[in-house]
Amino acid sequence: MSRARTEEQNRQKSFTRRALLLGSAKVGLLSVLGARLYYLQVVDAERYRLLAEDNRISMRLSAPRRGRIIDRNGIALAVNRQNYQVHLVAEQAQDVDQTLDALTHIIHLDSEDRVRVKRDIAARRSFVPVRVKDNLTWDQVSRIAVNSVELPGVFVEAGQSRHYPYGPTLAHIVGYVGAVSEQDLTGDPVLELPGFRIGKNGIEKVHDEELRGRAGNTQVEVNAVGRVMQQISRVEGQPGHDVELTLDMGLQNYAHQRLIGERSASAIVMDAFTGDVLSLVSVPSYDPSAFTRGLSSSDWRSLVEDPLSPLSNKAISGQYAPGSTFKMVVSLAAMEHHIGPQEEVYCPGYMDLGNHRFHCWRRGGHGRMHMRDAIKQSCDVYFYDIAKRLGIDAIASMARRMGFGQTVGIDLPSERTGLMPTEDWKLANIGERWQGGETLIQAIGQGYMLATPLQLAVMTARLVNGGKAIRPHVTRRIVGVENITEEVKEESPDLGLMPLQVKSILDAMDAVCNEQRGTAYSARIHLPGWEMGGKTGTSQVRRITASERAAGIVRNEDLPWRRRDHALFVGYAPVHNPRYVCSVVVEHGGGGGSVAAPIARDLLIETQRRDPMDAMPPSPLAGLKE
Amino acid sequence: MAGYNLSFRRAPSMSLLQKLLQVNWAIVLLICALAGVGAGMLYSAANANMDPWAERHLIRFAVLLVLLIGIALTDIRIWFRFAYPAYFITLILLVGVEFKGTVGMGAQRWIDLGVIQLQPSEVMKVTLVLALARYFHSLSLEDVRRPLYLLFPLFLVLAPAGLVLKQPDLGTAAMLVLAGGALFLLAGVRLWKFLLVAAGAGAALPVAWNFLHQYQKNRVLTFLDPSSDPLGAGYHITQSKIALGSGGVFGRGFLEGTQSHLNFLPEKQTDFIFTMLAEEFGMVGALGLIGLYLLVFIYGFAVALTSSNHFGRLLALGLTVNLFFYVFINIAMVMGLLPVVGIPLPLVSYGGTAMLTAMTSFGLILCVRVHRDISIPRRGLQGEVV
């Protein structure tokens, strides 16, 4: 009992000691507060009183330099240009009209400019600078400087404007910057600067934050009416990061030139293993600089209403029935469901299902076909037959693995998903049950299905790389921040395809191009070691009626442009050690073999010649040059 | 209190009247004075309007004053009994905020209990002290010096602090750790152990930095270099200092503060209310308010030192220290001595849960005072029906 009491006493003593310790610490801390109060409210009171009474601290922001956009070899694709502007301070000018008259001798000012300047001056307080004119030449700048005595209140300010040296060739990728709209305001004060531009489309939009940088600011004292009294501090802004694209500008130029002859077409060249997009073209295009300058409403309307939709990046947002390019997917699904590549189907030129007859593109039929021949000659009946056995959902599930029916995640705005129908999809969206005949149509890439050229390229890449679900991307790295190509490589999951099955498909695609009777034989690459493999596709945009068929099918060239077939091609090269993949879609171009394949051939030859991934073996002739 | 069948060892059961007489009414008046100062400043903050803050502030205070008296009159052994359950219920609510909380000001802090919206992190500031006082009450001084016995109270502190940090609410997390540390100190944990922890924390600082949210990093960076973010928190601090300094010795007069009335001052009804007071009433007013708080703290110390049970001692002083940290951190922050963290001034700042915490704390301190003669055995209250 007494021991417990001693313990209790000890505890209380210790508590009291500690409490006093804590108490004195508190008194100490409170004295610090008191001292600080004394310092602020007595010692410095006069200074703060002045600051509060007569002056306010005001912030002046200065826009950061926007990062550049460059291609994989460092070629500048979007840069800043020094832009000289004349400003006028009414208070210093005294007689504004006289000063403007004097200025007219040096730079051209029309009556519209003068009205605007006078209106701006009237709207603001007299010491606030008003912009008179921008985009001055160096000559004009120096003449203003020389004549500064006659131009009181006039001074030249250097600003930055965005410039796109390659214009339409890159408009769909690089995008453009534009004025900040109400919805863009995030609370970042730099956005409220007059004349500030932010990314509105393409890479400029996707990586706007990295490109933008941080605003510098100057803290100034202003008096009660806002006049600057004195500069207190100045913090320089941080320029934006440069963004390096995966594009090879030489290849991009070539591809754009190659496609520009078509009315409406798109093409993608990609590295199958990293997902680096080496070239991405959509024609017709538009001039992005027009957006940076500010577009007149009539120009805007003509762009939007153009039936060839130049504003749309068709490579990622154009959606087409993939036609026969889809047959590789059906073949893969078949092999996974144990329909062997050696199984034969007889093609009499048609197949009957219910009371409907489904035709092969070749009227007389192909005879006995196994998988390789069916792909090579694009026999429709073979695929009708295996699709009937597989069912739509087995095909759709393989198609999704290969990238169809969803966005594949390219780092550009407005990528579309396409459409991969299933039984459930039809019931939910159309309200009817799936018909057996629709499975047959689906097997040859027609019907409800829609795919983007990007998805076609991705499918081909996933075949070539042996079933790695790579994500296509146009940003290679944000200089000094992150390396996207590396990240993509690490995150690509395996699709679980069987190597032998993939190999047999690639072999059939080889046959399409490099064996007689292959549908792209005439577009083959003759250069040894550079041959390509591929698959043609011709997708109908209208239904061929029975009476038309009876009267003989009209040739594409004789149809009005809008009703002609789309021409598609997917390919890879070099055929024996594949690395590069390519997809081409020519809207209403006609046959895939005759129109799209030659374009793909030229793109793949140029790609291999430039070899941006350093994947080609050294030419055997290289050593003999000297 | 009627209906309890208490068998006290030493102090006999007190009647309600006896207890009421034991309540220190001078301190209750002091608390009313603090709330009155708050109402006055809130009236000024709304440009001489009772709406939207001052009126609700007073109504809340009136309601909570009843609660405060109720807490003070409740037998201290009931608080002893309920210390752990109260703590763990609050902890569960804190976990609940993680999943179901409402996001306000960019952080998850609120939980909707149907009747009221509650910030469990605020309530935790009281229940943590209760639980720690309960725990250390049962330890002898020798036990306290054994590291193994410190594991459980460490958990009691770090679990809620971690959850609050995740919300993210750096200020409250720091408050919890400080309050916990104070109780460890009072319980008699060796001083070198504190130095060890401080050294460890210092070493871990660079690692912890990476776990901070960007806005938290910005606040610290801004504190270290106000010109690095002159538009954000740095701007607020600059404006707050101008307001404080321009108040001078006697202030600009009630309702006359230009900085606050021209909206240069941010959050003037909550975190920056002290600035407003100092601008309008000068150093005299500011020191006066600090003086009022000081009186309350001294009273808290007196209560702690005169309690005959260890639980009461720890509870009273723990809560006093807690309130002290509120006051100190808030005032130091508006003067630019500490980074900006969202900590209100007790009873003066506008805000329901913060006032609930403060009033509960005062209630418990008074409760310790009222029941100072009751002894609670170290091994707890086995067998005693409370």
*Using a Förster distance of 30 angstrom, determine the FRET efficiency expected from the C-beta separation of A:ILE232 and A:SER148, and round it to 0.05.*
0.60
*Which pairs, out of B:LYS125/B:LYS193; B:LYS125/B:LYS268; A:LYS426/A:LYS535; A:LYS388/A:LYS426; B:LYS241/B:LYS268, put more than 19 Å between their alpha-carbon atoms?*
B:LYS125/B:LYS193; B:LYS125/B:LYS268; A:LYS426/A:LYS535
*In degrees between 0 and 90, to the nearest 10, how far off the longest principal axis of chain A does helix A:380-390 point, with axes built from Cα atoms?*
70 degrees
*asked:* Which one, A:ILE232, A:LEU77, A:LEU136, is farthest towards the positive end of the dipole of the stretch A:60-243 when Lys and Arg carry +1 and Asp and Glu -1 on their Cβ?
replied: A:LEU77
*Acute angle (nearest 10 degrees) that the helix A:2-38 long axis makes with the longest principal axis of chain A, alpha-carbon atoms*: 80 degrees
*In peptide A:24-33, what is the residue-averaged number of other protein chain Cβ atoms found within 10 Å of each Cβ?*
5
*Proximal aspartates and glutamates to B:LYS217, defined as alpha-carbon separation beneath 16 angstrom and excluding residues fewer than eight positions away on the same chain*: B:ASP169, B:ASP225, B:ASP229
*Roughly what would the spin-label model give for A:TYR521 and A:GLN98, points 7 Å off Cα along C-beta, in nm?*
8.9 nm
*Efficiency of FRET from Cβ geometry, A:GLU157 and A:LYS118, R₀ 30 Å, rounded to 0.05*: 0.95
*Measuring from label point to label point, each 7 Å out along Cα→Cβ, what is the B:LYS166 to B:ASP51 span in nm?*
4.2 nm
*How well do other chains shield peptide A:35-46, expressed as the mean number of their Cβ atoms within 10 Å of each residue Cβ?*
6
*Under a plain spin-label model, where a point goes 7 Å from the Cα along Cα-to-Cβ, how far apart in nm are A:ASN253 and B:LEU337?*
6.7 nm
*asked:* Positive end of the dipole of chain A, charges at C-beta (+1 Lys, Arg; -1 Asp, Glu), about the Cα centre: which of A:THR538, A:ALA122, A:GLN435 has its Cα farthest in that direction?
replied: A:GLN435
*Within the stretch B:314-386, report the trypsin sites (Lys or Arg not before Pro) that DSSP leaves as loop and that have at most 10 other Cβ atoms within 10 Å.*
B:ARG379
_Distances longer than 14 Å among the Cα atoms of the stretch A:442-491: what percent of all pairs is that?_
64 percent
_Could you tell me what a quarter of the Cα convex hull surface of the stretch A:273-354 works out to, in nm² with one decimal place?_
11.1 nm²
*State to the nearest 20 debye the size of the charge dipole of the protein assembly as shown about its Cα centre, where the only charges are +1 on K and R beta carbons and -1 on D and E beta carbons.*
3240 debye
*Long-range amide H contacts for A:ARG162: which residues qualify at under 5 Å (H placed 1.01 Å from N, peptide plane, sequence gap of 5 or more or a different chain)?*
A:ARG81
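I'd like the mean, over residues of A:5-12, of how many other protein chain beta carbons sit within 10 Å of each residue's own Cβ. Can you show the working numbers first?
Working: counts 0, 0, 5, 7, 1, 4, 12, 6.
The mean count of partner-chain Cβ atoms within 10 Å per residue comes to 4.
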_Hits among lysines - C-alpha to C-alpha of A:LYS489 under 25 Å, sequence gap 8 or more where chains match_ = A:LYS205, A:LYS468, A:LYS503
*Under Karplus coefficients 6.51, -1.76 and 1.60, residue-wise ³J(HN,Hα) of the stretch A:471-487 in Hz, glycine/proline x*: 9, x, 8, 9, 9, 8, 7, 9, 4, x, 10, 8, 10, 6, 4, 4, 4
*So which lysines pass the test for A:LYS118, namely a Cα distance under 26 Å, with those fewer than 8 places away in the same chain ruled out?*
A:LYS133
_What are the equivalent ellipsoid semi-axes of the stretch A:557-622, built from the alpha-carbon gyration tensor (square roots of five times its eigenvalues), in whole angstrom, biggest first?_
31, 10, 8
*What is the ratio of the Cα radius of gyration of the protein assembly as shown to 2.2 N^0.38 Å, where N is its residue count, to two decimals?*
1.29
*Contact order normalised by residue count of chain A, Cα under 8 Å, 6+ apart, percent*: 13 percent
*Just for the stretch A:60-243, what percent of DSSP beta bridges are antiparallel, to the closest 5?*
95 percent
*Sticking to Cα atoms, compute the Rg of the stretch A:60-243 to one decimal and its Dmax as the biggest Cα-Cα distance, whole number, in Å.*
18.5, 54
_Whole-Hz ³J(HN,Hα) for each residue in the stretch A:461-470, computed from phi via Karplus 6.51 cos²θ - 1.76 cosθ + 1.60 with θ = phi - 60°, x for glycine and proline: what do you get?_
4, 5, 6, 5, 8, x, x, 9, 7, 5
*In sequence order, what are the phi-derived ³J(HN,Hα) couplings for the stretch A:309-320 according to the Karplus relation 6.51 cos²θ - 1.76 cosθ + 1.60 with θ = phi - 60°, rounded to whole Hz, with x for glycine and proline?*
5, x, 6, 7, 8, 5, 5, 10, 10, x, 10, 9
*Which of the chymotrypsin sites (Phe, Trp or Tyr not before Pro) across the stretch A:301-389 are loop residues per DSSP, with 12 or fewer other Cβ within 10 Å?*
none
*Angle, helix A:392-401 long axis vs. longest principal axis of chain A, Cα atoms, 0 to 90°, nearest 10?*
40 degrees
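Taken together, the values in this text are just the output of simple stated rules run on the coordinates, not laboratory data. Please read these numbers as outputs of a predicted model, since none were measured by experiment. For neighbour counting, all protein chains shown are included, and Cβ atoms are generated from backbone atoms with ideal geometry for every residue, glycine included.
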